[in-house]
1. Please specify each residue of region 91-115 satisfying the condition of being under 19 Å from T212 (Cα atoms) and either open to solvent by 50 Å² or more (accessible area, probe 1.4 Å) or in contact (Cβ under 8 Å) with a residue 12 or more places away in the chain (or both).
2. Within region 17-35, does at least one residue satisfy the condition of being small (G, A, S), part of a helix (DSSP H, G or I) and loosely packed, with under 10 Cβ neighbours inside 10 Å?
3. May I ask you to list the residues in region 155-178 that are over 23 Å from I201 (Cα atoms) and touching a residue at least 12 places away in the same chain (Cβ under 8 Å)?
4. Hey, which of the helices (runs of 4 or more DSSP H) in region 119-213, taking only ones fully inside, have at least 2 residues that are under 27 Å from K97 (Cβ atoms), over 20 Å from the mean Cα position of the chain (by Cα) and of a type outside the set (A, V, I, L, M, F, W, C)?
Amino acid sequence: MKDPEKNLPRALIFGTIAVVAIYLLANVAYLGVMSVAEIGQSKLVAADVAFRLIGQPGVVLVAMTVMLSTLGTLNGSILTNPRVFFAMAADGLLFRKVAAVHPKYQTPYVAIALTAALGIIFVLLRTFEQLADTFVTAILPFYALGVASIFVFRKRGYNPPFRAPMYPVAPILFVLATLYLLVNALIDETSRWPTLAIFGIIILGIPVYYATVGRNREEGSGKRQASAVPTP
């Protein structure tokens, strides 16, 4: 990317605005064809609207659009998620084998295989609605932590080339909105126990980490510090 200090924020800002505009226009179109009550009872709003407008070909068109969108999302996930595992393993936060690189194709093939295996397991064990709720709930705390990290970096004197507008109002609002969603999921009786189960699995990762790679990492760090102490 040329001139990322300027172009990356522009891409993020204008891309987000475009997505919001498309979603708003789509909802205006839905409301122009179906009532609010009908939308509330429909499981596939876009397909139902297309069926009313042009019949069965509209349903096929919506299904093809969803399929293409899903393939695009899957492509992005395959490019990014395995490399998160790869980076974690390279930094000693995951098993070292996960950071292996294929000798011929130079790809993180173990991380890709791990991502694929986990995806297959989740798809076989859970429905689409359950998976959507599970992953949204599981990722929200990390979104909030990622945004909240800006306060820590600013306190340490971090001076990025792009200054976030409305700082610190925007990150505070984001963190509060995320907390609201999580608390609401705990208050709602239908989502309370699944949400607690997801939080339990996330927290379980802490003792598992320290019982496996974390212990080895701390031992290695202790040995390096001991070797760095000058002998009398």
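The values are calculated or read from the model by the stated rules, or taken from the named source; none is laboratory data. The shown structure was predicted, so the numbers you read here are calculated from the model rather than taken from an experiment. All Cβ positions, glycine included, derive from the backbone under ideal geometry; neighbour counts span all protein chains shown. Accessible surface areas use protein heavy atoms only, side chains included; no ligands, DNA or RNA. Shrake-Rupley method; radii C 1.70, N 1.55, O 1.52, S 1.80 Å.
1. D91, G92, L93, L94, F95, R96, K97, V98, A99, V110, A111, L114, listed by residue number.
2. Checking region 17-35: at least one residue is small (G, A, S), part of a helix (DSSP H, G or I) and loosely packed, with under 10 Cβ neighbours inside 10 Å.
3. Listed by number, the residues that qualify are P161, F162, A164, Y167, P168, P171, F174.
4. Values: elements: 128-155, 169-187, 189-211.
Helices (runs of 4 or more DSSP H) meeting the threshold: 189-211.
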